[in-house]
Amino acid sequence: MRIRFWKVWALAAGFMTASAFIPALYGQEAQAKATPKEKAKAKTEPDAAGKRTIELQLALSSGSGSKGCKIEVKPANASCRFEPQTIDIDGAGSRASQRSVTLKDVEIRGADRNVAVAITIREADGTAKTIYRGYRVAAEPKPGQVEHFTCWMTSPSRSAVVAAPDPAPTRR
């Protein structure tokens, strides 16, 4: 019994001594006061080495209606940044049309090198359809070359006709 009592008193004395000296040695008062550092200024303009030129071949397969349409190409999310572009397609001409859109100064922010594009087709009657496409670009582009991607689309009015349910058959 005496041995256990002695161990408890020694342990309690050790805790009391440690609680008196430890905060003074390792506490906040013992550390030197940090001088306020200047905030690091964010880069306002990224370097030109991270920017690319990408060419999109937009193929509108089912025509753009009799009054034409507008196609708007813009970034789909924050993983890439470029200036939005708008193309006007007139209603006259063939049923299928192909247009080329050159996206200049594309800044890719993600490590996976994906370019996410939102393509919105707006017809003259007000119907709109947004198509999202993602493309992975090369790790290091060849100097002077432009990367090409193709996107096949249908106009909103044409896809609505195709997607409409068949009328219920009548019973005789």
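The values are calculated or read from the model by the stated rules, or taken from the named source; none is laboratory data. Everything quoted here is computed from the prediction, not taken from an experiment. We place every Cβ from the backbone using ideal geometry, glycine too, and count neighbours over all the protein chains shown.
Go through Thr130, Thr102, Thr86 for me and flag whichever is modelled with pLDDT of 90 or more, within 17 Å of the chain's Cα centre (by Cα) and among the polar types (S, T, N, Q).
Thr130
Which count do you get for residues in region 110-128 that are over 17 Å from Thr53 (Cβ atoms) and of a type outside the set (Gly, Ala, Ser)?
Qualifying residue count for the region: 8.
Between a first residue in region 129-143 that is among the hydrophobic types (A, V, I, L, M, F, W, C) and a second residue that is outside any strand (DSSP E or B), which pairs have beta carbons less than 6 Å apart while being 6 or more apart in sequence or on different chains?
Once the first residue is among the hydrophobic types (A, V, I, L, M, F, W, C) and sits in region 129-143, its partners that are outside any strand (DSSP E or B) give Val137/Arg113.
Could you list all residues from region 116-157 that are touching a Pro at 6+ places or on another chain (Cβ under 8 Å) and of a type in the set (A, V, I, L, M, F, W, C)?
Ala116, Val117, Ala118, Ile121, Ala128
Do we find that Glu107 is of a type in the set (D, E, K, R) and either touching a helix residue (DSSP H, G or I) at 6+ places or on another chain (Cβ under 8 Å) or modelled with pLDDT under 85 (or both) in this structure? So that I can check it myself, show each step before the final result.
Numbers: of a type in the set (D, E, K, R): yes; either touching a helix residue (DSSP H, G or I) at 6+ places or on another chain (Cβ under 8 Å) or modelled with pLDDT under 85 (or both): yes.
In short, yes.
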